[in-house]
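For reference, the structure discussed in these notes is given below.
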Amino acid sequence: MRTLPPTVETLETAGRALFGESWQTDMARALDLSGSRRVRAWVAGERSIPPGMWSEIANLLRERGKAAVALANRMPKVDDGGKSEPV
C-alpha cells in the first residue's frame, strides 16, 4: 500500500471521508482547533499543514473506520424477501 503525499488533496479526501462534504468545521472541532479558519487556510494554501496534524487525522480515520466496521458487523442481515435476521 502506497503512502499518500501530505497535500491539500489528501487533506480534502480525508476530510470528506470523515465528515462528508461540509467537513472543515467538523475537522477543526475533532482536531481541537479554535475554529475552522485554520483548516480553510490549509485548504487555500495560505498556511502549511503542520506535520503533527497528519498523524492526528490518520488516528481519526482509524477510529472512525473501526467504529464503522463494528457497526456494520452488528447490522441485521436481510434476506431477499425483505425479512431481517439477527446477526
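Based on protein heavy atoms only, the chain ends up with 75 Å² per residue of surface accessible to a 1.4 Å probe. Exposure here means at most 11 other Cβ atoms within 10 Å; with GluC sites (Glu not before Pro) in a DSSP loop as sites, the longest stretch of the chain lacking them is 47-87.
Which value in Å is the Kirkwood Rh of the chain over different Cα pairs?
One over the average 1/r among Cα pairs gives 14.9 Å for the chain.
Fully extending the segment from residue 34 to residue 70 would add 9.9 nm, taking 0.36 nm per residue of separation and subtracting the current Cα-Cα distance.
Could you tell me how many degrees, from 0 to 90 and to the nearest 10, lie between the Cα long axis of helix 51-74 and the main elongation axis, the longest principal axis, of the Cα atoms of the chain? Here the helix axis deviates by roughly 10 degrees.
Dipole of the chain, Cα-centred, from +1 at each Lys and Arg C-beta and -1 at each Asp and Glu C-beta, to the nearest 20 debye?
The dipole of the chain has a size of about 180 debye.
Loop-resident trypsin sites (Lys or Arg not before Pro) (DSSP state other than H, G, I, E or B) in the chain with no more than 16 further Cβ atoms inside 10 Å of their Cβ: 2, 47, 83.
Relative to the first principal axis of the alpha-carbon coordinates of the chain, what is the inclination of helix 8-19, with its axis defined by its Cα atoms, in degrees from 0 to 90 and to the nearest 10? Approximately 40 degrees, to the nearest 10.
The values are calculated or read from the model by the stated rules, or taken from the named source; none is laboratory data. Predicted model only: the values in this text are computed from it and were never measured. Here Cβ is always computed from backbone atoms with ideal geometry, including for glycine, and neighbour counts include all displayed protein chains. Heads up: the accessible areas ignore ligands, DNA and RNA and are worked out on the full protein's heavy atoms, side chains in. Shrake-Rupley method; radii C 1.70, N 1.55, O 1.52, S 1.80 Å.
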